[in-house]
Amino acid sequence: MRARITVTLCLACMLGFWGAGIAGSPDQSQIDVNDEDAFSCTDSAVSAIEAAAAPPAAVPKTGQRITYGPRDDGQLRKGVAWPIPRFTDKGNGTVRDNLTGLIWLKDVNCKKFYAGDTGTSNSRSWNSALVSANRLKSGYCGLSDGSVAGNWRLPNVRELESLTAYRFWDPALSNRAGTGHWSEGDPFLGVTWARTPWSSTTCAANSNTAWIYDFSFGYPAGASKTGSWGVWPVR
């Protein structure tokens, strides 16, 4: 409450000062621009506003535990701690990430996403990947969750990155508990066959390309939208 009152009073001071300047108040000429105290209210307001508008970012830990240098990520392990278990297999073809709350398709190598899907593999163009994710529903890809078309979507590149466990590679994913390396079915299926999925995020440098995410090592890369990459829906 005290901080709120301070911000309010300082804002009032700022508005009063600048208002006097705009109105051409005679008092304006009496302010010494070299007098730091004359502007202390403005400085306090700016500092208070910045502090209120910029809370600490809830950035999760990377998962790295080995240290390779003084005060590196492996030693400090900064960030929001992973929940245990990290993932929950819902038993209906979906996996919940307990860190982000996102629900992921368990079968990363699904090949048929909807009725009339003519694809023969998980890999397809970016536009086809969007359609596949948007049309996915219960009854396809091992789903029995009651979802309907429109519930699922192609994840953005940040959402894909949020799955990465940087202490591992090939793939850079953890197991269900979040304490060890991913293995088939724990918690996802088919990662080794479809580990470079499309994101829904277009590359700013070239709108004909979009971001894919390489889970072999854990990094994004740009790819032509006409190329063929994996589909890993989320909701």
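Quick one: in segment 198-221, which of the residues that are aliphatic (A, V, I, L, M) and part of a loop (DSSP other than H, G, I, E, B) is farthest from Glu161 (Cα to Cα)?
Ranking the candidates gives Ala205 first.
When residues of segment 62-89 are filtered for being touching a Pro at 6+ places or on another chain (Cβ under 6 Å) and on the phi < 0 side of the Ramachandran plot, how many remain?
The number of residues fulfilling the criteria is 3.
So Leu173 clears everything in (1) in contact with a helix residue (DSSP H, G or I) (Cβ under 9 Å, 6 or more places away or on another chain); (2) touching a residue at least 60 places away in the same chain (Cβ under 8 Å); (3) buried (at least 23 other Cβ atoms within 10 Å of the Cβ) except one condition, right? Which one?
Of the numbered conditions (1) in contact with a helix residue (DSSP H, G or I) (Cβ under 9 Å, 6 or more places away or on another chain); (2) touching a residue at least 60 places away in the same chain (Cβ under 8 Å); (3) buried (at least 23 other Cβ atoms within 10 Å of the Cβ), the odd one out for Leu173 is (2).
When only residues in segment 190-235 that are surrounded by fewer than 20 Cβ atoms within 10 Å (Cβ to Cβ) and closer than 26 Å to Val148 by Cβ count, which is farthest from the chain's Cα centre (by Cα)?
Gly190
Each row is one residue, and each column tells you yes or no for (1) under 30 Å from Val131 (Cβ atoms); (2) of a type outside the set (A, V, I, L, M).
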position: Asn156; (1), (2): yes, yes
position: Ala172; (1), (2): yes, no
position: Arg176; (1), (2): no, yes
position: Thr179; (1), (2): no, yes
position: Ser183; (1), (2): no, yes
position: Phe188; (1), (2): yes, yes
position: Ala194; (1), (2): yes, no
position: Pro197; (1), (2): yes, yes
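I need a count of the residues in segment 148-207 that are in contact with a Lys or Arg (Cβ under 8 Å, 6 or more places away or on another chain) and either basic (Lys, Arg) or not assigned by TED's automatic domain parsing to the domain that holds Pro220 (or both).
Matching residues across segment 148-207 total 3.
From Ala115, Ala45, which residue is in the same structural domain as Trp193 (by TED's automatic domain parsing), more than 24 Å from the chain's Cα centre (by Cα) and at pLDDT 50 or above?
On inspection, the qualifying residue turns out to be Ala115.
Mind listing whichever residues of segment 136-156 are buried (at least 20 other Cβ atoms within 10 Å of the Cβ) and of a type in the set (Val, Ile, Thr)?
Result: no residue meets the conditions.
Conditions (1) closer than 23 Å to Lys61 by Cα; (2) touching a residue at least 60 places away in the same chain (Cβ under 8 Å); (3) out of contact with any Gly (no Cβ under 8 Å at 6 or more places or on another chain); (4) not small (Gly, Ala, Ser), marked per residue:
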| position | (1), (2), (3), (4) |
| --- | --- |
| Leu76 | yes, no, yes, yes |
| Val80 | yes, no, yes, yes |
| Arg86 | yes, yes, no, yes |
| Val95 | yes, yes, yes, yes |
| Asp107 | no, yes, no, yes |
| Lys111 | no, no, no, yes |
| Gly119 | no, no, yes, no |
| Arg124 | no, yes, yes, yes |
| Tyr140 | no, no, yes, yes |
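The values are calculated or read from the model by the stated rules, or taken from the named source; none is laboratory data. The structure displayed is predicted, hence computed values, not measured ones. Heads up, the Cβs are rebuilt from the backbone with ideal geometry, glycines too, and the neighbour counts pull from every protein chain shown.
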